[in-house]
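Just below is one structure, and these are the notes that go with it.
The values are calculated or read from the model by the stated rules, or taken from the named source; none is laboratory data. In this text, all values refer to a predicted model and were calculated from it rather than measured experimentally. Glycine also receives a Cβ, built like all others from the backbone with ideal geometry; neighbour counts cover every protein chain displayed.
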Amino acid sequence: MTSTPAIDDRELLARLRAGETSAFDAIFRANYGLLVRVAEAMLRERATAEEIAQDVMLELWRRRDGLDVTESVRGYLLQATRNRALNHLRHLAIERRTEPQLIEGAAKSPSTDAGAREGEIEVALQSAIGELPDRCRQIFELSRFEGLKYAEIASRLGISVKTVEVQMGKALRILRVRLKAWLPAGDRL
């Protein structure tokens, strides 16, 4: 589905707040697949991505009475999905830190070790991005994940290109420090 006009969003939201299941069904059908894809791109795990998308949709229904959507329904749902996926990644990182360390020299296949390392790096990266200051994180994600140029980011957020440059520099400095253990000497983000 292409972007829904704001009038349709407002109408759907009003019907949803009134408890109309047909409005919820329309929102679900229009957005569920996208939410699963977004979560799966972050988590690299289809089943968990589906659970997160279902949880987001269920929460939409549960909170329909007091729902405060300032932009689009799709934007609201995408942000909720992204936040839940990041929370899941943080939870995995915490679990990993509390697991007992593997005994050095334990037999592992090289491909399993490389795959595990990739997973660890992905979790570390998502966790580090999630801990950036809000504006910094928003600008970093628009640049790196959506591929927007600094001028496009500035225009979208209503800020100067210089502010975008400063915030990107700040984001990259923070990420370099947080991810130092994962970066080979001399590598840059």
Requested in this report: Starting from the stretch 141-153, take each residue that is at pLDDT 85 or above and list its partners that are aromatic (Phe, Trp, Tyr), counting only C-beta distances under 8 angstrom and pairs at least six apart or across chains.
Outcome: Ser143/Tyr150
**Report entry** Qualifying residues in the stretch 61-95 (those that are closer than 15 Å to Val123 by Cβ and among the small types (Gly, Ala, Ser)) - the one surrounded by the most Cβ atoms within 10 Å (Cβ to Cβ)
**Finding:** Ala85
Query raised in the report: So which pairs qualify, if the first residue must be in the stretch 19-35 and among the small types (Gly, Ala, Ser), the second must be part of a helix (DSSP H, G or I) and at pLDDT below 95, the Cβ gap must be under 6 Å, and the two must be at least 6 apart or on different chains?
Result: Ala23/Leu12; Ala23/Arg15; Ala23/Leu16
Query raised in the report: Leu58 passes all but one of (1) surrounded by 13 or more Cβ atoms within 10 Å (Cβ to Cβ); (2) part of a helix (DSSP H, G or I); which number fails?
Result: (1)
Query raised in the report: Across the stretch 155-172, what is the number of residues that are closer than 24 Å to Ala128 by Cβ and in a helix (DSSP H, G or I)?
Result: 12
Query raised in the report: Taking the stretch 61-77 as the region of interest, how many residues are farther than 13 Å from Ala23 by Cα and part of a helix (DSSP H, G or I)?
Result: 7
